[in-house]
Amino acid sequence: IAKLLTSHQLAARFKDRTLGSELYEVRLPFVTEKSNPTIIKPIHFCHPQSKQLLNHGLQWKATMQQLFRMKVATPEQTLFTYKAPESNAGILRDAFEETRTQIEELGIQMLDIEEQERITAFAREAVA
């Protein structure tokens, strides 16, 4: 994501920032500096076991839900980028699809890391 943002002259607008409060702080790698920040969060889904994949995704879902409750972020301004499991079938794919569905139900947009044009469009819209 860093290379993509840099190649489109957007890196200066997205910085590693901490959102939340003393009660609940979350460090995120690509965040705009606005009262309603735009967040791009790469999320790792290449785990060897389905439970690990689900736990990781659901942990980030819960983290973002808390930030939304605190009104320091919004689902509409949040993008998770990912690399899906290599197999298009099987238990890991099922775990990935379940996790992706639950995250998208929050209103968070999810894009495969290969969808660079759509990721760039999301980033450009955030800084327009």
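Laboratory data are not the source of any read-out in this text; all were calculated from the coordinates shown. Everything quoted here is computed from the prediction, not taken from an experiment. Backbone-built Cβ (ideal geometry, glycine too); neighbour counts: all protein chains shown.
Observations
- With contributions of -39500 (n - 2.57) from each DSSP H run of at least four residues, the per-residue ellipticity at 222 nm computed over the chain stands at -13000 deg cm²/dmol.
- Of every Cα-Cα pair in the chain, the percent that sits beyond 23 Å: 32
- The residue list Ala123, Ile113, Phe96 was ranked by how far each Cα lies along the charge dipole of the chain toward its positive end, using unit charges on Cβ atoms, and Ala123 comes out on top.
- In this simple spin-label model, placing a label point 7 Å from the Cα along the Cα-to-Cβ direction at both Thr6 and Tyr24 gives a separation of 3.4 nm.
- Difference of contour (0.36 nm per residue) and Cα-Cα distance, Gln52 to Glu117: 20.4 nm
- Taking Ile91, Ile103, Ile43 in turn, the Gaussian network model of the chain (Cα-Cα springs below 10 Å) assigns the largest fluctuation to Ile91.
- Charges were assigned to the Cβ only: +1 to each Lys and Arg, -1 to each Asp and Glu. The resulting dipole of the chain about its Cα centre is roughly 400 debye.
- Cα-based convex hull, region 1-58, per residue volume (Å³, whole number): 100
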